[in-house]
Structure formats: C-alpha cells, structure tokens
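S.K.: Take this structure, written in structure tokens, and hold onto it; I'll ask about it next.
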Amino acid sequence: MSHNSFGHLFRLTTWGESHGRAIGCVVDGCPPGIALEESDIQPWLDRRRPGQSKFTTQRQEPDTVRILSGVFEGVTTGTPIALMIENVDQRSRDYSEIAQRFRPGHADLAYELKYGIRDYRGGGRSSARETAMRVAGGAVARKVMPGVTIRGAMVQMGPHGIDRANWDWDEVDNNPFFCPDPAAVPLWEEYLSGVRKAGSSCGAVIEVVAEGVPPGLGAPIYAKLDADIAAALMGINAVKGVEIGEGFAAAALTGEENADAMRMQHGQVAFAGNHAGGILGGIATGQPIVARFVVKPTSSILTPVPSVDRSGSDVEVMTKGRHDPCVGIRAVPVGEAMLALVLADHLLRHRAQNPDAPQIARLPRN
C-alpha cells in the first residue's frame, strides 16, 4: 500500500491500523535545534481524543504519545522524528458481523476492490483512528512556525449554522463542539442528542484559520498554497468538500464585492476585506488564511441499510460498536494539524528558494 506520506521538505508518514497494537508516524525534514518534548504534542492529541463527551465515540484511548527518535536532550536533531501511540481499547468483536459484508458509505468495498483484502476491524488503515498521528505531526509543524497561530472551529452542524456576529474564539474550548458561537451550543446539544438516540448521524462544516503566516508562501503554478491546503483537508477521512476564503459563495458576488481593495497604511499594504482567504495566485498575502471543509454524516449507523456481501448476495448492514454521531467534532483538531503541516512545508520551501525569507526559530547555540 503506497501513498502513506504527505509533504515535500517537511514530510509526514503515518503507519498503523485502527485495531492494531499501535499507530505511529515519522516526521522527516524537521530542522535541528528546535525544542520538542512529548508535552508539546500531548495537548493537541488530547483535544482530538475520543470519549470526552456523550457526543463522541466512547472508545477510551488515552492517546499517550512517545517520541522514539529524532530528539536529543529536548532538542530536534534534524533526523527523522518517530512518534508512537499504543492502542489500548480495541473491541474487534464488534465488527465480526460485518467481516463478510460491505458497509455502505465506508471504504470497505473500494478498499477490497483495490487490494483484494481488507481489515474489517474498524476499517483498519482507512479508519479515522489514523488521524491521531496527523495531529501529532501537526504539533511538530507548529514548533517550526512559532509566530503562526492556527485555530479551528465548527461553524455548522447538520442544517444548523452559527451566527458569525457571535464569533468568540475563547468559546471554542468551552463546549464539546469546538463552537465559537455560545448561542448555538444549546441548539446543537438538543439536535445531536436526538440524532444519537435515533442511532443516526449528521455532518458538519469546519473552519480553520492561520494568522501570522508570512507573505510569499506558495507558488503561482504547480505548488499553489491553496491547492495544497485543499488537498490536505480533502485527505481527511469523511471530507467531501473544501473551500478557501469566500469559496462557493463567491459565485453570488460581483467583481466589485469580491475584490479585496488595497490602500497604503503606515507604510504597509492594507486590505479592505479577505474574500481571497489570504491567498492570491497561489501565494500567501500575509492576511489570515481561511479554509473550510465539509464532513459527511458518519457512515456507521444503527439503521439497517441495503448492501451486498463478499459472495455477491444482497444483505442489510447495521453497524454496531462505538461511533461518533457527528465525526466532524473531532475533525477540528485534525483540520488544524493538516493546515499546520502544509504551512510548515511551504515555509521550508520558501526559505530554500529565498535566502532572505523569515527564519525558523531555533534555540541559541552555546
């Protein structure tokens, strides 16, 4: 199975399966001299960790990360950084009934058509469990860019969106939905409780924002920053759509409305808006980078759905086990991580081509 790596100069390779002994990743290309300890990575994993509320899967995984290589005396050495998380709460028996059946909406059929074999225990390699290592890799990427702030929030659950006039970043970590609108939280709680009790699921829209990104990252043709961000976010499990800046809503705007007018202020270029999401011509402008992605409803539901089995017979599939009624909730930290990985990679590429590009923060040499 190929294509387990992401990035160019800053590269992440993940390994492991949902019900295997462990999952892990290798971060290659991280510059030397950057302070890094497990305590720098763990808080980001804790935000994604399952079982933290009744609105996520009740699989109890501590997701405790271990650094196996690439760090000496608390500092990166420039060699590959290997990270590992042990799986401790697998219940493979929950999947015995679907061993010969293909779950609608899952990768089961496509996976078997490609490889001729599949790990039916929670989806194996195609499980969202793998995204824990993307979050771990994203934590390392953040250390490469100390001046960049990356935050994410859920802006829509099912048919219910937030009121952007109420946006408050401080509220994101005060509720189980990463919701920036405190007024939307009670509605979402009631809505998702009904979905969960019905044995069903719902989708969501996630927004990720990066501030402090230096201008110039990206390239105008085959390494467009927005194209790489779109690919990174689209590569998250269950994601079915990505937009940058105004996105699809730009189709309803006029040229005058969509143009981000510019003026000089205090010797610097100031933009009147950010419909472009911080990227023009594939290159970062220095404005906040804004991207959104849509996560489909969780395919694992208790409602029987028509399907087929490996012998070609028509069957019905009802997925038992522990699943997220809205997988978009835990996708917020994953979206942040993927954005961090793209930006770290582009920062290194930009610095390699431009010798006067912003430098990476390193510990002072003795």
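The values are calculated or read from the model by the stated rules, or taken from the named source; none is laboratory data. Just so you know, these numbers come straight off a predicted model, no measurement behind them. A quick note on method: Cβ atoms are made from the backbone with ideal geometry, for glycine too, and the neighbour counts reach across all protein chains shown. Protein only, heavy atoms only, side chains kept; ligands, DNA and RNA dropped before computing areas. Shrake-Rupley method; radii C 1.70, N 1.55, O 1.52, S 1.80 Å.
S.K.: So what's the angle, to the nearest 10 degrees on a 0 to 90 scale, between helix 328-353 and the longest Cα principal axis of the chain?
M.R.: 40 degrees
S.K.: So what J values fall out for the stretch 100-114 if you push phi through Karplus, 6.51 cos²θ - 1.76 cosθ + 1.60 with θ = phi - 60°, rounded to Hz, Gly and Pro as x?
M.R.: Working through the residues one at a time gives 9, 10, 9, 7, x, x, 9, 8, 3, 5, 4, 4, 5, 5, 7 Hz.
S.K.: Run the simple label-point estimate for residue 46 and residue 251 please: 7 Å along Cα→C-beta, distance reported in nm.
M.R.: About 4.3 nm, to one decimal.
S.K.: Right, next: Past 28 Å, Cα to Cα: identify those pairs from 197/240; 114/240; 114/143, in the order given.
M.R.: Over 28 Å Cα-Cα: 114/143.
S.K.: If you don't mind, another one. Around residue 17, which amide H atoms from residues at least 5 apart in sequence, or from another chain, sit under 5 Å from its own amide H, with H modelled in the peptide plane?
M.R.: Hits under the 5 Å cutoff: 22.
S.K.: Per residue of the stretch 260-267, what does 6.51 cos²θ - 1.76 cosθ + 1.60 with θ = phi - 60° give for ³J(HN,Hα)? Whole Hz please, x for Gly and Pro, Karplus curve as stated.
M.R.: For the stretch 260-267, the Karplus-derived couplings read 8, 4, 10, 8, 8, 9, 6, x Hz, x marking Gly and Pro.
S.K.: Next up: May I ask for the angle, rounded to the nearest 10°, between helix 38-48 and the longest principal axis of the chain, with both axes built from Cα atoms and the value confined to 0 to 90°?
M.R.: It works out to around 60 degrees.
S.K.: Ok, one more. For residue 110 and residue 265, what is the calculated FRET efficiency with R₀ set at 51 Å and r taken between the beta-carbons, to the nearest 0.05?
M.R.: 0.50
S.K.: Considering Cα pairs under 8 angstrom that are at least six residues apart, work out the relative contact order of the stretch 213-338 and quote it in whole percent.
M.R.: Answer for the stretch 213-338 is 28 percent.
S.K.: Rounded, prolate or oblate: which fits the stretch 275-334, taking a ≥ b ≥ c as square roots of the Cα gyration tensor eigenvalues, rounded meaning a/c under 1.5, else prolate when a/b beats b/c?
M.R.: Cα axes put the stretch 275-334 in the prolate bin.
S.K.: Rounded, prolate or oblate: which fits the stretch 220-366 when a ≥ b ≥ c are the square roots of the eigenvalues of the alpha-carbon gyration tensor, with rounded for a/c under 1.5 and prolate only if a/b beats b/c?
M.R.: Here the stretch 220-366 falls in the prolate category.
S.K.: Okay, moving on. Over the chain, what is the relative contact order in whole percent, taking alpha-carbon pairs under 8 Å and six or more residues apart?
M.R.: About 23 percent, as a whole number.
S.K.: On C-alpha positions alone, give me the angle between the axis of helix 225-234 and the longest principal axis of the chain, in degrees, nearest 10.
M.R.: 20 degrees
S.K.: Peptides 133-146, 220-233: what's the order by average Cβ count within 10 Å, highest mean first?
M.R.: Packing proxy ranking, top to bottom: 133-146, 220-233.
S.K.: Right, here's the next one. Would you mind telling me the share, in percent, of accessible area of the chain contributed by carbon and sulfur at probe 1.4 angstrom?
M.R.: Carbon and sulfur: 53 percent of the exposed surface of the chain.
S.K.: Taking the convex hull of the Cα atoms, report for the stretch 312-355 its projected area averaged over all directions, in nm².
M.R.: It is 6.4 nm².
S.K.: May I pose another question? If you put +1 on each Lys and Arg Cβ and -1 on each Asp and Glu Cβ, how big is the dipole of the chain around its Cα centre, in Debye rounded to 20?
M.R.: Once rounded to the nearest 20, the dipole reads 940 debye.
S.K.: To continue, here is another question. Keeping every protein chain present and rolling a 1.4 Å probe, give me the accessible area per residue for the chain in Å².
M.R.: Spelled out: the 1.4 Å probe surface of the chain, per residue, equals 47 Å².
S.K.: Further question: If the label point is 7 Å along Cα→Cβ of residue 352, which residues in the stretch 275-300 have backbone nitrogen under 19 Å from it?
M.R.: 283-284
S.K.: So who's got an amide H within less than 5 Å of the one on residue 275, skipping anything under 5 residues away but keeping other chains? H placed 1.01 Å off N, in plane.
M.R.: none
S.K.: Here's a follow-up. Calculate the FRET efficiency for residue 316 and residue 79 from the Cβ-Cβ distance with a Förster distance of 56 Å, rounded to the nearest 0.05.
M.R.: Efficiency computed from Cβ-Cβ geometry: 0.60.
S.K.: Springs between alpha-carbon pairs under 10 angstrom, Gaussian network model over the chain: which of 185, 305, 239 fluctuates most?
M.R.: Residue with maximal mean-square fluctuation among 185, 305, 239: 305.
S.K.: Here's a follow-up. When the Karplus curve 6.51 cos²θ - 1.76 cosθ + 1.60 is applied with θ = phi - 60°, which whole-Hz ³J(HN,Hα) does each residue of the stretch 179-185 get, with x for Gly and Pro?
M.R.: Computed from phi, the couplings for the stretch 179-185 are 8, x, 10, x, 6, 7, 4 Hz.
S.K.: Let me ask another. State whether the stretch 1-45 is rounded, prolate or oblate according to the following rule on the C-alpha gyration tensor (a ≥ b ≥ c being the square roots of its eigenvalues): a/c under 1.5 gives rounded; otherwise a/b larger than b/c gives prolate, and the remaining case gives oblate.
M.R.: Oblate, since a/c reaches 1.5 and b/c is not below a/b.
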